[in-house]
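Below: the structure, in structure tokens.
The values are calculated or read from the model by the stated rules, or taken from the named source; none is laboratory data. This is a predicted model, so every value here is computed, not measured. Counting neighbours? That spans all protein chains shown, and the Cβs are built from the backbone with ideal geometry, glycine included. Heads up: the accessible areas ignore ligands, DNA and RNA and are worked out on the full protein's heavy atoms, side chains in. Shrake-Rupley method; radii C 1.70, N 1.55, O 1.52, S 1.80 Å.
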Amino acid sequence: SLGAANSEDLAYGMGRVTALEGRAMGIHMTYAPVVDVNINPENPIINTRAVGADPGLVSRIANAFIRGAQDNGMIATAKHFPGHGDTSQDSHSLLPTIEAGLERLEKVELVPCKAAIDAGVRAVMTAHLSVPALDPTPGLPATLSAPILTGVLRGKLGFRGLIVTDALEMSGVTNAFSTEEASLLAVLAGVDQLLLPPEPAQVIAYLAGAVRDGRISLQRI
């Protein structure tokens, strides 16, 4: 709807109201906006959650929402890095693969991500996607990939804020990894916040053990 309206003022207003109403209830962070470029008309999960199919439009509208939220005291989260728009599969059910090459990714998927980072977005959410052009490891979601999160997001794009996983209860991760294994790999890949792991108390205990036995450095945790 915001994309169809093509109004940065409306998008800013939506971010502002989100922040004011959320903060009034004690909520300090929103897992929004979606910055995926929805170039696949058969996309079953992003579709109308996306601003549109044009990277420039997505960047402008999403950044207005980000400013509206963050100007009013709420952390905004650009999602789903490195881009969930070109898939006909749902990462809640399986691990989709983005087949695009690096050149296409840089012209489409990564454009709104870079724009959000340049605009000062304070958090970025990962995607449970296989992206061989960025990390050729078979079956490894971007959420668990150091080359994608530390190499591209931190290194290439210069992001210095919070890296948040998409929900760790989703089958895009759980089909191939245990909750504990996924949580450890995510932290090692560069993630700062683990979202919705099944059995969070077990995950906390497991990660604490991983720090004690040296698998995770105290600095990283």
field: Matching residues in the stretch 74-87 - criterion: being open to solvent by 10 Å² or more (accessible area, probe 1.4 Å) and closer than 20 Å to Pro138 by Cβ
entry: Asp86
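Which one is farthest from Val58 (Cα to Cα), of the residues in the stretch 97-155 that are open to solvent by 20 Å² or more (accessible area, probe 1.4 Å) and among the β-branched types (Val, Ile, Thr)?
Start the filter on the stretch 97-155 by keeping residues that are open to solvent by 20 Å² or more (accessible area, probe 1.4 Å), which leaves 97, 99, 101-104, 106-108, 111, 114-115, 117-120, 122, 132-134, 136-140, 146-147, 150-151, 154-155.
Next, from what is left, pick out any that are among the β-branched types (Val, Ile, Thr): 97, 108, 111, 117, 137, 150.
On the way: Thr97: 22, Val108: 10, Val111: 9, Ile117: 14, Thr137: 29, Thr150: 24 Å.
So the residue we want is Thr137.
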message: If I filter the stretch 61-73 for residues that are in contact with a helix residue (DSSP H, G or I) (Cβ under 7 Å, 6 or more places away or on another chain), crowded, with 16+ Cβ neighbours inside 10 Å, within 25 Å of Leu196 (Cα to Cα) and of a type in the set (Phe, Trp, Tyr), do I get at least one hit?
response: yes
task: Kindly establish whether Asn38 is open to solvent by less than 80 Å² (accessible area, probe 1.4 Å), modelled with pLDDT of 95 or more, touching a Leu at 6+ places or on another chain (Cβ under 6 Å) and not hydrophobic (A, V, I, L, M, F, W, C).
output: no
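For the subset of the stretch 180-221 comprising residues that are of a type in the set (Lys, Arg) and in contact with a Gly (Cβ under 9 Å, 6 or more places away or on another chain), which member is modelled with the highest pLDDT?
So in the stretch 180-221, the residues of a type in the set (Lys, Arg) come out as 212, 215, 220.
From what's left, in contact with a Gly (Cβ under 9 Å, 6 or more places away or on another chain): 215, 220.
Numbers: Arg215: 96, Arg220: 91.
If we take residues in the stretch 180-221 being of a type in the set (Lys, Arg) and in contact with a Gly (Cβ under 9 Å, 6 or more places away or on another chain), then Arg215 is modelled with the highest pLDDT.
Out of Ile45, Ile75, Ile61, I need the residue that is within 19 Å of the chain's Cα centre (by Cα), modelled with pLDDT under 95 and not charged (D, E, K, R). Which one? First the steps, then the outcome.
Numbers: Ile75 fails: modelled with pLDDT under 95; Ile61 fails: modelled with pLDDT under 95.
Selected residue: Ile45, the only one of Ile45, Ile75, Ile61 that is within 19 Å of the chain's Cα centre (by Cα), modelled with pLDDT under 95 and not charged (D, E, K, R).
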- prompt: Does Arg220 qualify as being among the charged types (D, E, K, R), within 22 Å of Met29 (Cβ to Cβ) and more than 14 Å from the chain's Cα centre (by Cα)?
  reply: yes
